[in-house]
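The values are calculated or read from the model by the stated rules, or taken from the named source; none is laboratory data. Since the model is a prediction, treat every value here as computed from it, not as a measurement. Virtual Cβ from ideal backbone geometry, glycine too; neighbours counted across all protein chains shown. Each accessible area value is taken on the protein alone, full model and side chains, heavy atoms only, with ligands, DNA and RNA left out. Shrake-Rupley method; radii C 1.70, N 1.55, O 1.52, S 1.80 Å.
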Amino acid sequence: MDPSTLLSQLRDAHAPETISFWPIALGWWVLLIAILILISIGIYITLSRWRSKAWKRQAKKHFKYLREQYLKSPSLEGVVEINKLLKQVMSSANNDRHFLQLYGADWESILYSVKHNQHNILNEDEIQILCSGIYSSTQPSLDNNMLDRIALWIRCVK
């Protein structure tokens, strides 16, 4: 064979076709599906946690209302309503209705059981007002500091 004939049979070099991004490879499909599953699981967990804490948001909102009403006109009924709300909060947090019927020493121990940074939130005088002060002949009085601590108590209930 003659080398010139061999050279004449060669074609010019040309660039390969560009690789398009679509359709994507199997590995990318697996990655996309995994990401979608993780996002779905994250949304589900977030929504379920948000729904499970609906009672706490409702309690905070109701306490804000009761606090405003009590500060406008302090009354025994206001203290009773706040105490009733605390029992409802404990009942909702533990999904146990027996907290609604507690009073006296049993209710006092529950009020002491909620802690913030390993310390009691409510002091002894405040707990006595909530446990037995509503049954005394003198009208119990709640100040702003006590109402703040009750709001903290509601936030710390688990």
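What to note about this one:
- In the set (1) basic (K, R); (2) surrounded by 13 or more Cβ atoms within 10 Å (Cβ to Cβ); (3) in contact (Cβ under 8 Å) with a residue 40 or more places away in the chain, K87 fails one condition alone, (3).
- The residue that is surrounded by the most Cβ atoms within 10 Å (Cβ to Cβ), among those in segment 124-148 that are small (G, A, S) and without any contact (Cβ under 8 Å) to a residue 60 or more places away in the chain, is G133.
- Summed over segment 98-113, residues that are in a helix (DSSP H, G or I) and either more than 24 Å from the chain's Cα centre (by Cα) or not aliphatic (A, V, I, L, M) (or both) total 11.
- Flag for L122 being part of a loop (DSSP other than H, G, I, E, B) and in contact with a Phe, Trp or Tyr (Cβ under 9 Å, 6 or more places away or on another chain): yes
- Filter result (free of Cβ contacts under 8 Å to residues at least 12 places away in the same chain and of a type in the set (D, E, K, R)) within segment 98-123: D106
- Matching residues, segment 5-45, being β-branched (V, I, T), at pLDDT 95 or above and either more than 30 Å from V157 (Cβ to Cβ) or open to solvent by 90 Å² or more (accessible area, probe 1.4 Å) (or both): V30, I33, I35, I37, I39, I43
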